[in-house]
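Colleague: Dropping a structure here in structure tokens format, bear with me for questions.
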């Protein structure tokens, strides 16, 4: 039985199961895309049918966010494990190093992609990073998708991580993945490059374990308040309302 929260699928998997799937995807002749679904995604999907379809057609839609865990209980099932985008990116990078697969980092801003590449190679010295290009607005304004895809295809990555911000990155992948035939795995990673590069400080592990990373982000980045309201308050009310 497929697990859903507000009509958005959640693949209820342990990290070990996710890693096993990633390894299978890299051996496959097919292309795959992964989404890390948080309450903001679920709420956006309520208003945007196209976005909901993209999430539901993904090869894996993984639970990212403490709100998903509590919503699952409300819907009568227990989430095996929360898997954040930044943690999964690091796991996939480790697999790529072991399997001699190449990675392309696309998105974020300024020097963040290049610094992210540097930090990843510090952690995984033999990892092949074949490209690190900055944000969606820069590329879209200067080159449009066609030129960008041509550049990516010249590098022939096996894996692409896209950091255009939630919604934009998933829609870009859904539209363009077919045109990048070398890519076996594509994943939208939101602000993961910011954390890995050190541009944004991540919450301490204790707060992450307690599911309070959102509070730490709010303290450090008060401008995130509207997003926090959506993820914490509006999402909770939507879950309660749906159940009744």
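Colleague: Return the label of the correct value of Rg/Rh (Cα atoms, Kirkwood Rh), as calculated from the structure shown, out of [x] 0.95; [y] 0.99; [z] 1.12.
Modeller: [x]
Colleague: A further question follows. By how many degrees, between 0 and 90 and to the nearest 10, does the Cα long axis of helix 144-155 differ from the longest principal axis of the chain?
Modeller: The two axes meet at around 60 degrees.
Colleague: Any chance you could run the full-extension gain for residue 156 through residue 4? It's 0.36 nm times the residue separation minus the Cα-Cα distance, nm to one decimal. List each step's numbers first, then the result.
Modeller: Details: separation 152, 0.36 × 152 = 54.72 nm, distance 3.49 nm.
Between residue 156 and residue 4, full extension yields 51.2 nm more.
Colleague: For a quick check: sort 172, 77 by the number of other beta carbons within 10 angstrom, fewest at the front.
Modeller: Values: 172 21, 77 15.
Listed from fewest to most nearby Cβ atoms, that is 77, 172.
Colleague: For the residues 122, 40, 150, what sequence is obtained by ranking on other C-beta atoms within 10 Å, fewest first?
Modeller: With the sparsest Cβ surroundings first, the list reads 122, 150, 40.
Colleague: Using Cα centres only, tell me the gap between region 50-93 and region 103-125 in whole Å.
Modeller: So the separation of the two Cα centres works out to 24 Å.
Colleague: Something else about it: Using a 10 Å cut-off on Cβ atoms, rank the peptides 14-24, 175-185 from the highest mean neighbour count down.
Modeller: 175-185, 14-24
Colleague: Could you check the spin-label model distance between residue 230 and residue 87? Points 7 Å from the Cα along Cα→Cβ, value in nm.
Modeller: Distance between label points: 2.3 nm.
Colleague: While we're looking at this one, here's another question. Multiplying the sequence separation of residue 126 and residue 178 by 0.36 nm and subtracting their Cα-Cα distance, what value in nm do you get?
Modeller: Difference between extended and current length: 15.9 nm.
Colleague: Rounded to the nearest 500, what is the 222 nm mean residue ellipticity of the chain from helices alone, with -39500 (n - 2.57) per DSSP H run of 4+ residues and division by all residues?
Modeller: -14500 deg cm²/dmol
Colleague: How much length is gained on full extension from residue 220 to residue 118, taking 0.36 nm per residue of separation minus their Cα-Cα distance?
Modeller: 34.3 nm
Colleague: While we're on this one: Using the 10 angstrom Cβ neighbour count as an exposure proxy, how do 88, 6, 105, 215 rank, fewest first?
Modeller: If I rank by nearby Cβ atoms, fewest first, I get 215, 6, 88, 105.
Values in this text are rule-based calculations from the coordinates and carry no lab data. Because the structure is predicted, anything quoted here is derived from the model rather than measured. So basically every Cβ, Gly included, is an ideal-geometry build from the backbone, and we count neighbours across all protein chains shown.
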